1. What does segment 239-384 give for Rg and for Dmax, in Å, if only its C-alpha atoms count?
2. For a quick check of your reading of the filter: which GluC sites (Glu not before Pro) in segment 62-110 sit in a DSSP loop and have no more than 11 other Cβ atoms within 10 Å?
3. Would you mind calculating the gained length between S342 and S41 on full extension (0.36 nm times residue separation, minus the Cα-Cα distance), in nm to one decimal?
4. In 10 Å bins starting at zero, report the fraction of Cα pairs in segment 152-201 per bin as a rounded %.
5. Using the beta-carbon distance between T204 and Q120 and R0 = 30 Å, what value does 1/(1 + (r/R0)^6) give for FRET efficiency, to the nearest 0.05?
6. Return the FRET efficiency for the residue pair T140, E376: r is the Cβ-Cβ distance, R0 is 35 Å, and the value is rounded to the nearest 0.05.
7. Mind jotting down the distance between the C-alpha centroids of segment 1-66 and segment 265-296, whole Å?
8. Out of the total accessible area of segment 21-101 (probe 1.4 Å, heavy atoms of protein only), what percent is carbon and sulfur?
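The values are calculated or read from the model by the stated rules, or taken from the named source; none is laboratory data. This is a predicted model, so every value here is computed, not measured. Cβ placement follows ideal geometry from the backbone for every residue including glycine, while neighbour counts extend to all protein chains displayed. Each accessible area value is taken on the protein alone, full model and side chains, heavy atoms only, with ligands, DNA and RNA left out. Shrake-Rupley method; radii C 1.70, N 1.55, O 1.52, S 1.80 Å.
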Amino acid sequence: MNLHEYQSKQVFAAYGIPVPTGRVAATPEEAVAAAEALGGSLWVVKAQVHAGGRGKAGGVKLARDKAAVHAAAKAMLGTRLATIQTGPEGLPVDTVYVETGSAIEREIYLSLTLNREKGQIAMIGSAAGGMDIEEVAAHTPEKITTVNIHPAAGLQPHQCRRMAFALGFTGAQIGEFQKIAMALYRLVMDKDAALVEVNPLIVTKDGSLVALDAKINIDANAVFRQPELAKMRDTAQEDPMELKASEHDLNYVSLDGDIACMVNGAGLAMATMDVIQQKGGMPANFLDVGGGANKQQVTNAFKILLSDPNVKGILVNIFGGIMKCDTIADGVIAAAREVKLSVPLVVRLEGTNVELGRKMLTESKLDLQTAVSLDEAAEKIVKAAGGHR
Ligand code: GDP
Ligand code: MN
């Protein structure tokens with residue numbers, strides 16, 4: 001679960017991490033009122049969307065007077081902001097964050113995230129931070145420093161110093177950086193964060209460190225024990241189909257292709273997507289209906305798949321273990337009748353009660369194809385959906 005920048009900065013502030021002062025606004029008038037309340041003569045108006053890359057997409061604007069604050073807020077609010085991280089459809093800008101502007105000396109990248117190979121939290125930093133960090137990572141990875149944090153020991157002062165030197169800090173900044181790094185690590189542990197990113201962490205003209213941007217992602221499986229953060233969820237920023245799927249306890253991820261998949265078990269779903277691609281097709285989604293899905297869930301899953309206008313065909317690939325093949329066949333038949341199938345459907349069942357399941361499908365007289373092997377199923381659906389790409 002992602003937090004908005006302004007929410008992340010509230011959390012940062014609670015951990016003593018220095019952030020600029022700011023206020024949220026939902027209208028241009030509120031943005032002007034926010035600037036007035038903040039005072040000063042330089043403000044930044046920032047679109048609040050669950051994505052980075054806003055600066056390059058016109059979602060971060062400096063304003064030197066109230067008219068400019070009004071104009072920036074007006075230009076952003078009510079629109080969809082497409083950045084390098086969102087895809088062309090972008091994300092809705094329902095609020096902007098108005099901040100006191102900072103005078104920047106240099107921009108640093110700092111993040112903490114899980115290093116899955118090590119099974120440890122990694123602190124990642126680069127002196128070449130700011131809006132081109134992706135370029136740095138791609139072309140000059142040696143400019144990035146990583147420190148892995150042992151869970152039993154926690155983040156150590158010597159690790160903070162090592163990172164501080166790599167980031168070019170001297171004198172009092174080293175201690176300041178250590179405080180920020182320690183606070184970020186505590187935050188990650190307390191809040192079950194999968195990612196905390198500060199890009200940029202700035203050195204101001206007067207030499208102090210400030211988190212100018214803030215991104216927090218909470219591990220979705222831990223949100224239940226973070227009730228305060230759960231309240232911050234903004235479902236308007238989420239993929240509508242993924243949201244619907246999560247309401248029905250389905251594991252669903254939207255993808256760019258046109259062949260919808262309904263599979264049970266994440267491993268089988270991955271294998272199914274691989275075989276579809278091998279046959280020249282592109283999966284429209286990853287959908288795991290789970291080990292114990294019932295007829296209702298299969299129907300819900302079908303509805304979600306069919307609500308994607310890109311879908312040109314559906315492949316059902318289910319291994320009947322806990323869930324028997326006749327239950328699946330029952331669900332498929334009921335769902336296909338209820339939602340009025342508008343695209344080709346290929347069903348491949350295997351496992352418990354497979355004969356019964358296949359018989360039910362054949363006798364249903366529904367317009368669908370069956371397949372025995374995954375290979376055959378993938379070939380059939382790619383062909384039915386319009387062939388190779
Ligand atoms: P992102 O593009 O979505 O990551 O948004 P950021 O919050 O990181 O802002 C993008 C860029 O805008 C930063 O890297 C800064 O260069 C610039 N910026 C943001 N806030 C300020 C500010 O207060 N003063 C100045 N001078 N630049 C800012
Ligand atoms: Mn940023």
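1. 13.3, 38
2. Those satisfying the criteria are E89.
3. 102.5 nm
4. 24, 55, 21, 1
5. Efficiency, rounded to the nearest 0.05: 0.40.
6. So, using R0 = 35 Å, E works out to roughly 0.15.
7. Measuring centre to centre over Cα atoms gives 40 Å.
8. About 55 percent, which is the carbon plus sulfur part of the accessible surface.
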